[in-house]
Amino acid sequence: MARNRIRILSGTAHRELAQKIGDYLKMPLVNATVAKFPDGEISVKIEEDMRGTDTFVIQPTCTPVNDTLVELLIFIDCLRRASVQRITAVIPYFGYARQDRKAEGRVPITAKLVANLLVTAGANRILTMDLHAAQIQGFFDIPVDELWAAPVFFNYFEKHPIEKLTVVSPDVGGIKLARAYAKKLGGELAIVDKRRTSGDSTIVYHIIGEIQGQNLIIVDDMIATAGSITDAAKIAKEKGAGEIYLCATHAVLVQGAIERLNHPAIKEVIVSDTIPQRNKFPMLKVLSVSELLGEAIRRIHEDRSVSSLFAMD
């Protein structure tokens, strides 16, 4: 049985995406005021009656990560105290996802901490996209729906077909995603052999697979420093690759990333709009995931299955 009154709110992190989702669902965003006190504390006030509603609050926890995360927690607490029926946190980009395990001694598992914070604040459900590590779903004691942006990219590449295609995984962990792209787009598969030397530095040794004379799509879940993915593109070009496309769901693009991506070896950088892109550059192509998220929101509200939206194809 469908729930009463669906309502959609947006934090300040990515109101443009929230508006696109609202347009897809043909409903306005709830009026809410977000302000800061002189000392930096965040203040939230919802300007409409929310009692008994099925509420979705949209907020990627992107830069500035701590501010957007705390704002989301405050929104959830505010909604819980406003007596809504259910709160779904829609987090297109889940910050702190790379801190998902103890890779060495005396380090935190911050992704688990963030999960605890969201549940404690009052979230009843999480809707997210392309988690950096799938096991993060298990960090929550509430339902988690993780969508894949891959169908949006598939649609783009099917409209802009690439001949002599090889799909490249930037590391061993991304083989499953790269294989799905290769199968769907009818290409070959290659893997980058690299080793991480620090949090922002990797060394690329070589590429496993035949790439000479091939056009490449290098796929990853995110581009942050762009160091390793750009190094992979450079080595591929040296080994005789043709046109090289970079494809990633989350364009984190920290300082210095755009300069690295503006390299003659790279023809195009294709990303989704899970994170707002304020510093665009000519090679950047941004595809919207608003319809995918909007359809998931509709099905969750109507208590319908969303499993078909999880499919890579």
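The values are calculated or read from the model by the stated rules, or taken from the named source; none is laboratory data. What you see is a predicted model; the values in this text were computed from it and never measured. Methodologically, a virtual Cβ is constructed for each residue, glycine included, from the backbone with ideal geometry; neighbour enumeration extends over all protein chains shown.
Observations on the model:
- For residue 270, the conditions (1) outside the structural domain of residue 64 (by TED's automatic domain parsing); (2) surrounded by 14 or more Cβ atoms within 10 Å (Cβ to Cβ); (3) not in a strand (DSSP E or B) are fulfilled apart from (3).
- Selected residue (criterion: surrounded by the fewest Cβ atoms within 10 Å (Cβ to Cβ)) from residues of segment 7-51 that are part of a strand (DSSP E or B) and within 24 Å of the chain's Cα centre (by Cα): 34
- Leading residue by the ranking (modelled with the lowest pLDDT) among those in segment 2-52 that are farther than 15 Å from residue 77 by Cα and of a type in the set (S, T, N, Q): 4
- Summed over segment 242-267, residues that are hydrophobic (A, V, I, L, M, F, W, C) and either in a strand (DSSP E or B) or crowded, with 24+ Cβ neighbours inside 10 Å (or both) total 6.
- Among residues of segment 60-77, those that are in contact (Cβ under 8 Å) with a residue 24 or more places away in the chain and within 12 Å of residue 13 (Cβ to Cβ), counted: 12
- Residue in segment 286-309 that is surrounded by fewer than 21 Cβ atoms within 10 Å (Cβ to Cβ), farther than 29 Å from residue 89 by Cβ, touching a Leu at 6+ places or on another chain (Cβ under 8 Å) and in contact (Cβ under 8 Å) with a residue 12 or more places away in the chain present: no
- Subset of segment 113-162 (residues that are within 23 Å of residue 81 (Cα to Cα) and either surrounded by fewer than 15 Cβ atoms within 10 Å (Cβ to Cβ) or among the small types (Gly, Ala, Ser) (or both)): 113, 115, 116, 120, 121, 122, 123, 141, 142, 143
- Residue-level analysis places residue 19 among those that are within 21 Å of residue 289 (Cβ to Cβ) and either of a type outside the set (D, E, K, R) or touching a Lys or Arg at 6+ places or on another chain (Cβ under 6 Å) (or both).
- When each of 138, 105 is tested for being in contact with a strand residue (DSSP E or B) (Cβ under 9 Å, 6 or more places away or on another chain) and either assigned to a helix (DSSP H, G or I) or free of Cβ contacts under 8 Å to residues at least 12 places away in the same chain (or both), the lone residue that passes is 138.
- Out of 98, 80, sole residue that is assigned to a helix (DSSP H, G or I) and either modelled with pLDDT of 95 or more or touching a strand residue (DSSP E or B) at 6+ places or on another chain (Cβ under 9 Å) (or both): 80
- Members of segment 138-195 that are more than 30 Å from residue 298 (Cα to Cα) and among the hydroxyl-bearing types (Ser, Thr, Tyr): 166, 169
- Scanning segment 190-201 for residues that are exposed (fewer than 13 other Cβ atoms within 10 Å of the Cβ) and modelled with pLDDT of 95 or more turns up nothing.
- Only a single criterion out of (1) over 19 Å from residue 143 (Cα atoms); (2) crowded, with 21+ Cβ neighbours inside 10 Å; (3) more than 16 Å from the chain's Cα centre (by Cα); (4) β-branched (Val, Ile, Thr) is not satisfied by residue 84, namely (1).
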